[in-house]
Amino acid sequence: MRAYSIYETGCVRKNNEDSFALLPERGLFAVADGMGGHNAGEVASKIAIERLVNCASQLDTIVVGDMENWMRKAIEEANEEVVEESLRNLATKGMGTTLTAILITKNKVVVGHVGDSRIYLWRENMLSQISEDHSMVNELLRLGQISEEGAKNHPHKHVLSRALGVEKVVKIDCFQLEVQAGDVFVLCTDGFSNVINDDEMIDEFSQPRSWDIHLEKLKKSVLERGAPDNFTVVCCEMER
């Protein structure tokens, strides 16, 4: 597999509250988007990613059938660490973070997801979002209380319904998918997905370019549009 990434502060924010993990040798990839006052969001996302990476050493002795349990436990531990640090330090009180990760092993991918960072799958020239946004607006949309058009400019668009660091126990979306040759997994924070829509990604990914060039083209588009938030993209390309 090949892996690529974008990690940008953007044009408005002074610090980057995103963090990411790129461990192709273990098949582990993740993004996290922190939230909180001052630098607290940066602390939260860093803690979450570091915990996930530290847990990765356990993968050497875990069989494929236990990978989903590993993912769930690693994210639970990340949540506990963010909660503990939030309670320990007044400067980081109330901080939290999204955490979206994939673990690719043999012919399967294990997904672990909390928050509104996203995972897309590009397969046979089709793009699909395989994660669900844990946001207030997406919940209203799911219940049919607002339209998709209304969701785009909703005043509470950025309010999360789930995040690490908010409660001692966090609900995690954890599941497995079959992997096919040529699959490409794209993980991104909302600083990217709020600026680049699905149709634009499809248009770009359909072009006969390498994946590092795809990401550079999309990064340029986000920056040209003012990049109002930090944005991170991690891309994993499976060999054909």
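Since every read-out is calculated from the coordinates, none of them should be taken as a lab result. This one's a predicted model, so the numbers in the text were calculated from it and none came from an experiment. Cβ coordinates were reconstructed from backbone atoms using ideal geometry, including for glycine residues, and neighbour counts include every protein chain displayed.
If you scan region 201-240, which residues turn out to be more than 18 Å from the chain's Cα centre (by Cα) and small (Gly, Ala, Ser)?
Ser206, Ser210, Ser221, Gly226
Given the structure, is Gly115 crowded, with 16+ Cβ neighbours inside 10 Å, touching a Ser or Thr at 6+ places or on another chain (Cβ under 7 Å), in contact (Cβ under 8 Å) with a residue 12 or more places away in the chain and on the phi > 0 side of the Ramachandran plot?
Numbers: crowded, with 16+ Cβ neighbours inside 10 Å: yes; touching a Ser or Thr at 6+ places or on another chain (Cβ under 7 Å): yes; in contact (Cβ under 8 Å) with a residue 12 or more places away in the chain: yes; on the phi > 0 side of the Ramachandran plot: yes.
Here the answer is yes, as Gly115 does meet what is asked.
Sort out which residues of region 88-103 are surrounded by 22 or more Cβ atoms within 10 Å (Cβ to Cβ) and either within 24 Å of Val186 (Cα to Cα) or among the aliphatic types (A, V, I, L, M) (or both), and write them in order of number. Walk me through how you get there before you give the answer.
Narrowing region 88-103 to residues surrounded by 22 or more Cβ atoms within 10 Å (Cβ to Cβ): 92, 95-103.
Selection gives Met95, Gly96, Thr97, Thr98, Leu99, Thr100, Ala101, Ile102, Leu103.
Check Lys14, Lys73 and return the single one that is among the basic types (Lys, Arg) and closer than 19 Å to Phe231 by Cα. Quick ask: steps written out before the conclusion?
Working: Lys73 fails: closer than 19 Å to Phe231 by Cα.
Sole residue among the options that is among the basic types (Lys, Arg) and closer than 19 Å to Phe231 by Cα: Lys14.
I need the full set of residues from region 13-29 which are part of a loop (DSSP other than H, G, I, E, B) and either closer than 24 Å to Val222 by Cα or touching a residue at least 12 places away in the same chain (Cβ under 8 Å) (or both), in order please.
Our first condition is that a residue be part of a loop (DSSP other than H, G, I, E, B); within region 13-29, this holds for 13-17, 24-27.
Arg13, Lys14, Asn15, Asn16, Glu17, Pro24, Arg26, Gly27 - these are the residues of region 13-29 that are part of a loop (DSSP other than H, G, I, E, B) and either closer than 24 Å to Val222 by Cα or touching a residue at least 12 places away in the same chain (Cβ under 8 Å) (or both).
Any residue at all in region 34-46 that is closer than 30 Å to Ser221 by Cα, out of contact with any Lys or Arg (no Cβ under 8 Å at 6 or more places or on another chain) and in a strand (DSSP E or B)?
Within region 34-46, one or more residues are closer than 30 Å to Ser221 by Cα, out of contact with any Lys or Arg (no Cβ under 8 Å at 6 or more places or on another chain) and in a strand (DSSP E or B).
Residue by residue, here is whether (1) in a strand (DSSP E or B); (2) touching a His at 6+ places or on another chain (Cβ under 7 Å); (3) surrounded by 15 or more Cβ atoms within 10 Å (Cβ to Cβ); (4) among the small types (Gly, Ala, Ser) holds:
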| residue | (1), (2), (3), (4) |
| --- | --- |
| Val31 | yes, no, yes, no |
| Ser57 | no, no, no, yes |
| Met67 | no, no, yes, no |
| Ser86 | no, no, yes, yes |
